[in-house]
1. By how many nm would the segment from Asn341 to Leu256 lengthen if fully extended, with 0.36 nm per residue of separation less the alpha-carbon distance?
2. Treat each spin label as a single point 7 Å out from the Cα along the C-beta direction, and report the Glu152 to Glu223 distance in nm.
3. Taking a virtual spin label 7 Å from the Cα of Thr361 along the C-beta vector, which residues in the range 378-411 bring their backbone nitrogen under 14 Å of it?
4. For the range 159-187 and the range 323-379, what is the separation of their C-alpha centers, rounded to whole Å?
5. Taking only Cα atoms and a 10 Å spring cutoff, compute GNM fluctuations for the chain and point out the largest among Thr251, Thr196, Thr222.
6. For the chain, modelled as a GNM with alpha-carbon contacts under 10 angstrom, which of Arg246, Arg346, Arg206 fluctuates the most?
7. Compare the Cα positions of Trp283, Thr332, Leu296 along the charge dipole of the range 275-358 (+1 at Cβ of Lys, Arg; -1 at Cβ of Asp, Glu; about the Cα centre) and return the one farthest towards the positive end.
8. Nothing charged except the Cβ atoms of Lys and Arg (+1) and of Asp and Glu (-1): what's the magnitude of the dipole of the chain about its Cα centre? Round to the nearest 20 debye.
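No lab work stands behind these numbers, since they all come straight from the coordinates. Given the structure is predicted, the values throughout are model-derived calculations rather than measurements. Note that we place each Cβ from the backbone using ideal geometry, even for glycine, and neighbour counts take in every protein chain shown.
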Amino acid sequence: MRCGSRNNHEFRFGNALSFSFDIKHAESNSLARVGTINTPHGQIQTPAFIPVGTKATVKSVLPESMKDLGSQALLSNAYHLYLQPGSDILDEAGGLAQFMNWPGPTFTDSGGFQVLSLGVGFKKVLAMDAQTFRRDDVIAGNKDRLAHVDDEGVTFKSHLDGSMHRFTPEVSMQVQHQIGADIMFAFDECTTLHNTRPYQELAMDRTYAWAIRCLDEHKRLTEARVGKPYQALFGVIQGAQYEDLRKKAATDLGSLESNGQSFDGFGIGGALDKGQLGTIVSWVNEILPENKPRHLLGIGAPEDLFVGVENGCDTFDCVLASRIARTSAVYTMEGRFNLSNSRFKRDFTPIDSECDCYTCTHYTRAYMHHVFRGKEIISATLATIHNERFIVRLVDQMRQALLDGNFADMKADFLGRYTHRSGQSRD
Ligand SMILES: [Zn+2]
């Protein structure tokens with residue numbers, strides 16, 4: 001089956017199709033599908049995990065190593081790159097991929113998440129569980145916040161030097177066009193699970209109004225920046241844990257068209273209650289246009305990736321794989337553990353005997369234990385390579401299992417081993 005999008009966003013640059021999505025296989029008993037996202041910088045076979053290089057680098061790892069471990073694309077953050085080095089610098093460099101020597105597709109997050117992390121959620125946790133945390137744990141006091149939201153946009157104080165900045169939907173589009181990623185996200189207001197219901201409604205209305213402004217500015221910039229590769233724009237579905245809000249957002253943004261411009265794909269964002277992840281994602285994906293790709297923002301724990309794939313998400317990103325690697329935590333088929341633990345001092349086996357990554361084929365747990373205990377820089381590099389390979393490969397295996405018709409068996413086999421041995425698969 002081929003369901004390539006045939007809309008006004010398919011431009012051609014040279015012989016390369018600029019942006020399209022082809023579905024090769026769709027499951028009959030779930031929302032899962034296998035497809036290909038075509039971008040000016042190459043293809044992404046989906047489902048796919050997209051490693052995060054927030055500031056145009058996956059911390060401690062060379063782009064060549066990311067390519068070697070199977071990463072098909074990288075995701076950076078527009079807010080961070082706007083503050084440093086400045087999006088104009090990336091524009092002059094020829095765009096994000098060229099700037100960081102990454103030979104493939106790129107994504108940029110819009111900065112909407114920072115509205116939350118610097119504002120209402122400043123120095124707070126983005127809870128994935130509505131029960132564990134109280135309101136005070138996730139909602140920052142007004143005077144403590146570095147970002148303040150109004151209907152027009154967000155005013156925030158730089159966490160780097162205290163300078164004041166203003167982000168609006170138009171500014172976010174201008175910044176993301178300068179950065180030049182193949183896939184960008186609309187500027188949205190991200191909420192927490194503990195914002196009140198009236199506030200969730202307000203934020204969703206605002207996100208919808210901002211979506212229209214993003215589409216208009218995106219169209220203007222696409223036409224003005226002649227000769228640049230087409231950049232796809234994804235709308236972001238909010239609505240927290242509320243079924244009616246999530247469905248309304250998917251309906252409104254899924255069908256939104258402004259001046260002939262519609263979204264090329266969608267991101268599912270906001271605080272996602274882990275226990276309800278599959279339910280929330282299915283509410284949205286049953287409504288969103290089938291022929292456009294769907295990205296689940298910030299989700300990357302192994303058990304959550306299965307839930308995302310079987311409920312119709314095509315791509316995922318998460319900082320977890322690299323962030324925990326730098327603290328010596330690694331994923332294995334036996335669960336997650338810390339290499340700095342003294343039980344690995346004389347363990348001359350690989351981190352994961354079933355892993356085919358550079359680290360596992362050349363180094364032992366004993367060596368990894370040694371470099372972590374000695375605070376050697378190589379510890380971060382080797383552990384990150386392993387963790388990123390583990391997650392990228394896991395989603396690749398899900399894609400193959402869907403094509404082979406044995407996704408359910410593969411999932412049961414993985415989760416049976418992963419949770420059974422460690423009991424610690426959750427973050
Ligand atoms: Zn490995």
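1. Working: separation 85, 0.36 × 85 = 30.60 nm, distance 5.23 nm.
Extending this stretch completely gives an extra 25.4 nm.
2. Between Glu152 and Glu223, the simple spin-label model gives 2.5 nm.
3. Once the point is set 7 Å along Cα→Cβ of Thr361, 386, 389-390 turn out to lie under 14 Å by backbone N, inside the range 378-411.
4. 37 Å
5. Most flexible of the set in this elastic network: Thr196.
6. Looking only at Arg246, Arg346, Arg206, the largest GNM fluctuation is found for Arg346.
7. Thr332
8. Numbers: 45 positive and 51 negative charges, 230 e Å.
The dipole of the chain has a size of about 1100 debye.
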